[in-house]
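Encoded as structure tokens, the structure appears first; notes follow it.
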Amino acid sequence: MQSSAHRTPAVLIAAPASGQGKTTLTAALARLLTRRGHRVRVFKCGPDFLDPYWHQLASGAPVYQLDLWMTGEQDCRQRLAQAAQEADVVLVEGVMGLFDGTPSAADLAVMLGLPVLAVVDAGSMAGTFGALAFGLQHYRSGMPWAGVLANRAASAGHADMLRTSLRDPAQWLGALPRDAAFALPERHLGLTVATELPDALQRLDAAADALAQTELGRMSLQDWQRWAVDLALPVTSAMPATELAAAPLLRGQRIAVARDSALCFIYQANLDTLAQLGAEVVFFSPLHDAHLPACDAVWLPGGYPELHAAQLAANTSLRDDMAVHIAAHKPVWAECGGMMLLFESVQQTDGSTQPLWGLLPGQVVMQQRLAGLGPQQLQWSVGSGEGGGDGAVHTLRGHTFHYSRTETPLPPTTYTTRPGTNATSAARTEALWQQGSVRASYFHAWFASSPAATAALLGAEAMEAA
């Protein structure tokens with residue numbers, strides 16, 4: 001049973017499909033409320049690296065992912081409960097369409113009691129807007145509902161047509177106009193990272209100014225109480241998985257993490273897990289730093305090395321430091337874009353080939369269509385010993401999302417699999433390659449799902465494919 005001592009206004013911002021304006025609305029709302037002096041915490045449903053950059057800029061606070069499979073129900077509840085103690089308003093941006101995926105954003109809303117605030121791109125509709133809103137509200141019984149906001153309205157008259165199409169006028173939260181001033185630019189993996197745009201904050205302010213003219217934007221904090229939710233943890237709640245990372249399996253270890261425009265796909269929760277494991281985290285830029293920081297292990301996260309291939313290849317001094325690090329048998333965990341950087345070259349979509357670091361044999365080939373997408377898990381047997389291994393099989397959860405493929409003579413050490421399957425099944429998907437102390441895969445790991453496997457991955461204990 002949950003405590004009702006404290007209730008926090010919270011909504012889950014969803015849509016009938018991707019591309020409707022969820023991120024714009026969420027970031028604009030966070031920016032508007034923050035400008036008014038309110039404490040706002042924002043979360044993102046699903047394994048997304050890019051939208052959180054905008055939400056962090058808008059709210060001024062770290063942004064975490066919520067995913068009932070990848071992060072788990074207990075982790076979701078724990079993070080929301082902590083946010084409720086710190087914030088005046090909690091915003092959760094959904095993923096894809098409201099009912100898309102297993103689990104879906106609607107599943108999260110029902111499980112946690114989050115009212116759904118729907119945003120619909122109404123740029124090419126009128127009366128159908130009301131039908132969509134009605135269907136979203138009533139398709140899933142027991143799902144809390146906050147209301148609906150129209151996006152990309154052509155005019156005040158168009159907005160009025162959309163409003164009158166609703167069966168219940170109380171569900172109307174206003175309309176945002178079609179305006180390039182607050183459009184959030186995109187590229188092949190999603191939104192452009194906010195930190196790369198010099199006018200990112202101006203875009204958010206323009207969106208917040210437009211939102212301030214809507215019914216939603218004119219709501220006071222007292223009005224928000226209509227969507228107050230008890231986010232406290234149940235008294236019987238088990239310890240969340242993230243707390244298990246408190247065992248200092250990486251105590252005394254210095255982990256160098258690549259972080260810049262080329263490699264920027266980093267979950268804040270992964271950095272938290274490394275700290276909970278006792279590691280000291282230092283950052284370096286593959287684009288700009290001439291040397292690798294003194295460290296015991298390196299984590300190369302995902303990103304866009306293909307967009308910066310020439311500059312990365314020209315950083316030969318850092319590349320040489322990485323070669324020395326590997327020759328010393330120090331661990332390297334390379335995810336997706338970080339793995340791509342280690343291969344010899346990348347073939348771009350126009351057919352041209354550019355060199356990379358050449359620390360793994362083979363090349364990466366960019367393509368126009370997706371090569372991998374969806375939740376993944378990686379199973380490892382963590383050996384027993386002083387490093388803290390227990391000899392059991394541990395499962396790292398995560399996801400894959402990439403447009404390239406690899407051509408390498410390296411034989412896979414193991415494969416990731418889809419939820420509910422194993423590495424020997426036909427459902428195996430992403431290869432994991434190992435050469436010396438380097439482990440590399442398209443797989444993006446959620447470290448908190450298995451602190452023991454994370455510690456082993458970065459050198460605390462030997463790991464073997466399960």
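Computed from the coordinates by the stated procedures, all read-outs in this text should not be read as laboratory data. Just so it is clear, the model here is predicted, and its values are computed rather than measured. All Cβ positions, even for glycine, are placed from backbone atoms using ideal geometry, and neighbour counts span all protein chains on display.
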List the relative contact order of the chain as a percent without decimals, with contacts defined as Cα pairs under 8 Å and 6+ residues apart. 14
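Rank-order 20-28, 164-172, 72-80 by packing density, defined as the average count of other C-beta atoms within 10 Å over each peptide's residues, highest first. Could you put the intermediate results ahead of the total?
Values: 20-28: 26.0, 164-172: 14.7, 72-80: 20.6.
Listed from highest to lowest mean packing, they are 20-28, 72-80, 164-172.
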Put +1 on the Cβ of each Lys and Arg and -1 on the Cβ of each Asp and Glu in the chain; which of 212, 378, 158 then has its Cα farthest toward the positive end of the dipole? 158
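Determine the gain in length on full extension of the stretch residue 310-residue 290; use 0.36 nm per residue of separation and subtract their C-alpha separation, reporting nm with one decimal. Working shown, then result.
Numbers: separation 20, 0.36 × 20 = 7.20 nm, distance 1.51 nm.
Stretched out fully, the residue 310 to residue 290 stretch lengthens by 5.7 nm.
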State which helices in the chain qualify, where a helix is a whole DSSP H run, it must extend 30 Å or more along its own axis by its Cα atoms, and its mean Kyte-Doolittle hydropathy must be at least 1.0. none
Using Cα centres only, tell me the gap between the stretch 30-60 and the stretch 248-274 in whole Å. 21
Put +1 on the Cβ of each Lys and Arg and -1 on the Cβ of each Asp and Glu in the chain; which of 124, 256, 332 then has its Cα farthest toward the positive end of the dipole? 124
Points 7 angstrom from Cα along the Cβ direction at residue 138 and residue 124: gap in nanometres? 2.7
For residue 36 and residue 327, what does the FRET efficiency come to when R0 = 60 Å and r is the distance between their Cβ atoms, rounded to the nearest 0.05? 0.60
Reference-scaled alpha-carbon Rg (2.2 N^0.38 Å with N residues) for the stretch 40-171: 1.13
Taking mean projected area of the Cα convex hull in nm² as the quantity of interest, determine which of (i) 20.4; (ii) 22.5; (iii) 23.8 was computed from the displayed structure. (ii)
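Full extension from residue 320 to residue 275: what is 0.36 nm times the residue separation minus their Cα-Cα distance, to one decimal in nm?
Numbers: separation 45, 0.36 × 45 = 16.20 nm, distance 2.78 nm.
Contour length minus the Cα-Cα distance gives 13.4 nm.
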Residue separation between residue 223 and residue 17 times 0.36 nm, minus their alpha-carbon distance, gives in nm 71.4 nm
